[in-house]
Structures are given as structure tokens and as C-alpha cells.
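To start, the structure under review is shown below, and the notes come after it.
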Ligand code: DX5
Ligand code: ZN
């Protein structure tokens, strides 16, 4: 089953609670929260207090994407704030195995993400420890960028490796420039969760936009 995770980065920040409710009512399965620190990426977005406020006000599955230099330092705080999935970058400064263990200890689902330039093989030592792999189809930092078609090949390679190892429950998520047309190769390659910011919040009919991405291969 394909799940759609709209990125609230593209929402109206003056009405975040209402925007979250609106996107869930329009069929979103998961809320994707982009956390940026101005160090790992050039942009700065939101942190734990905003996540905690949203979680309190709007019940949903929260998928938190940490684009921060030292994720290990903040694991407990994001778990306490209510993350359901906590995803960090393999390219961050934190020890990957220690960060996975810290998230697991909090009872939160663990995600590991790779930037466009990082080969999928870098994931292999950790694959069996993860609930989710997040393939970036743009350089992390900003919404509204163009989808990089190499993402679908990476998804296919990760799916093949997971299948080879019997990791049937591993979720593969793709993030960046996802629209109805770019969703198609990702779904065909084996993606389970599609993140979409601009294509959902910028659409005149949000319900139709979510359905179009979800059903891109039908
Ligand atoms: C990029 C973020 C994405 C992005 C998605 O650094 O991780 O989640 O905001 O936005 P669109 O769908 O507009 O590319
Ligand atoms: Zn993201």
C-alpha cells in the first residue's frame, strides 16, 4: 500500500494546525516534518517545540526528517516531542549505529536517509537495523526543487537488497520534487512512502493531488 506523507514545509506556517488537519482530511497518511539546522543544510526551519505543539493538537503519524549535523544530540528530545518515525542522515556527524540504537531505545521507528550523491551501498551495514530508508531525490535544504531521476534506481537497488535479505517490512520513502509524474518511477521501483510538499500544498484541489500521487501507477 502506497502512503502519502505531505511535507508541512510547504504549508502556511501562520495556520499550521489547520493546515495539518486539512491535509489529513484530504487523504494524507503521514505528516512529514522537515527539521533543518542551518549547518547540515543551509536552511533553518522548525524544531522540537513546533513538533510537540502539532502532535498535541493534531493526532497523526509524524515522520520527522532530521537534516541536522548532530542528530544523536537531539534524539531524546524529538522522541519526547512525539515523533513516530525519526529519520536522520547517514552523512551527519553522529555515529550511525549509536544514533539508530538511541532512537530504538526510545521506542520510535528508525529511519536512515541518503543524499543524492551517497551510494546505496553505504546503507548496507545498517539495513537490518532500520524501519525505513529515505532516499532524497533532491539535495536536502529546500522545498520546490526538481526531482532527480537517479532516485528510482536507488529505490530499486534498496528494494532488491532488502528482498534478498528477507527484510520484508523495510519501508522505502522518497522525498523531493514528487508529483504525479515523478511518483510513477518511484512506485514502480518499490517505494512505499512518498513525501510531497509543493505538489500537495500548492495544488488547487489537495484531495485530488494526493490521490493522483498515490495512484500514479494505475
Ligand atoms: C527537502 C525536504 C523535502 C521537501 C519536499 O530538503 O526534505 O521534504 O520539503 O518538498 P517538495 O515536494 O516541494 O520537493
Ligand atoms: Zn523531508
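Residues that are within 17 Å of residue 8 (Cβ to Cβ) and buried (at least 22 other Cβ atoms within 10 Å of the Cβ): does segment 121-142 have at least one?
There is at least one residue in segment 121-142 that is within 17 Å of residue 8 (Cβ to Cβ) and buried (at least 22 other Cβ atoms within 10 Å of the Cβ).
Filter segment 173-194 for residues that are within 14 Å of ligand 2 (Cβ to nearest atom) and either within 16 Å of residue 126 (Cβ to Cβ) or over 16 Å from the mean Cα position of the chain (by Cα) (or both) and give the result.
Passing the criteria: only 173.
Out of 197, 202, I need the residue that is touching a residue at least 60 places away in the same chain (Cβ under 8 Å), in contact with a helix residue (DSSP H, G or I) (Cβ under 8 Å, 6 or more places away or on another chain) and away from ligand 2 (no atom under 15 Å from the Cβ). Which one?
Details: 197 fails: away from ligand 2 (no atom under 15 Å from the Cβ).
Answer to the check: 202.
Would you confirm whether or not segment 1-18 contains a residue that is part of a loop (DSSP other than H, G, I, E, B), modelled with pLDDT of 95 or more, more than 13 Å from ligand 2 (Cβ to nearest atom) and touching a strand residue (DSSP E or B) at 6+ places or on another chain (Cβ under 8 Å)?
yes
Say whether the condition of being within 14 Å of ligand 1 (Cβ to nearest atom), surrounded by fewer than 21 Cβ atoms within 10 Å (Cβ to Cβ) and closer than 29 Å to residue 20 by Cβ is met by at least one residue in segment 150-165. Step through it out loud before you land on a result.
From segment 150-165, those within 14 Å of ligand 1 (Cβ to nearest atom) are 151; that's our starting set.
Keeping just the survivors that are surrounded by fewer than 21 Cβ atoms within 10 Å (Cβ to Cβ) gives none.
Within segment 150-165 (the criterion being within 14 Å of ligand 1 (Cβ to nearest atom), surrounded by fewer than 21 Cβ atoms within 10 Å (Cβ to Cβ) and closer than 29 Å to residue 20 by Cβ), the answer is no, since none of the residues qualifies.
Could you count how many residues in segment 171-218 are closer than 15 Å to residue 151 by Cα, more than 15 Å from ligand 1 (Cβ to nearest atom) and in a loop (DSSP other than H, G, I, E, B)?
So the answer is 2.
Can you tell me which of 90, 134, 127 is within 11 Å of ligand 1 (Cβ to nearest atom) and closer than 30 Å to residue 182 by Cα?
Working: 90 fails: within 11 Å of ligand 1 (Cβ to nearest atom); 127 fails: within 11 Å of ligand 1 (Cβ to nearest atom).
After ruling out the rest, the residue left standing is 134.
When the residues of segment 32-49 are filtered to those that are closer than 15 Å to residue 16 by Cα and assigned to a loop (DSSP other than H, G, I, E, B), which remaining residue is farthest from ligand 1 (Cβ to nearest atom)?
It comes out as 47.
Determine if segment 65-77 includes at least one residue that is surrounded by 23 or more Cβ atoms within 10 Å (Cβ to Cβ), free of Cβ contacts under 8 Å to residues at least 60 places away in the same chain and either over 21 Å from residue 103 (Cα atoms) or away from ligand 1 (no atom under 15 Å from the Cβ) (or both).
So far as segment 65-77 goes, yes, one or more of its residues are surrounded by 23 or more Cβ atoms within 10 Å (Cβ to Cβ), free of Cβ contacts under 8 Å to residues at least 60 places away in the same chain and either over 21 Å from residue 103 (Cα atoms) or away from ligand 1 (no atom under 15 Å from the Cβ) (or both).
In segment 93-142, how many are within 12 Å of ligand 2 (Cβ to nearest atom), within 21 Å of residue 187 (Cβ to Cβ), part of a loop (DSSP other than H, G, I, E, B) and in contact (Cβ under 8 Å) with a residue 40 or more places away in the chain?
Number of matching residues: 1.
Considering only segment 82-92, I want to know if a residue exists there that is part of a helix (DSSP H, G or I), under 16 Å from residue 175 (Cα atoms), modelled with pLDDT of 95 or more and within 16 Å of ligand 2 (Cβ to nearest atom). Can you show your working first?
Of all residues in segment 82-92, those part of a helix (DSSP H, G or I) come to none.
So far as segment 82-92 goes, no, none of its residues is part of a helix (DSSP H, G or I), under 16 Å from residue 175 (Cα atoms), modelled with pLDDT of 95 or more and within 16 Å of ligand 2 (Cβ to nearest atom).
Tell me the residue from 155, 114, 213 that is more than 17 Å from residue 30 (Cβ to Cβ) and in contact with a helix residue (DSSP H, G or I) (Cβ under 6 Å, 6 or more places away or on another chain), please.
155
Only one residue in 40, 13 is surrounded by fewer than 19 Cβ atoms within 10 Å (Cβ to Cβ) and closer than 21 Å to residue 143 by Cα. Which one?
Working: 40 fails: surrounded by fewer than 19 Cβ atoms within 10 Å (Cβ to Cβ).
From the options 40, 13, the qualifying one is 13.
The values are calculated or read from the model by the stated rules, or taken from the named source; none is laboratory data. Predicted model, so just to flag it, every value in this text is computed and none were measured. Ideal geometry is used to build each Cβ from the backbone, glycine not excepted, and the neighbour counts take in all protein chains shown.
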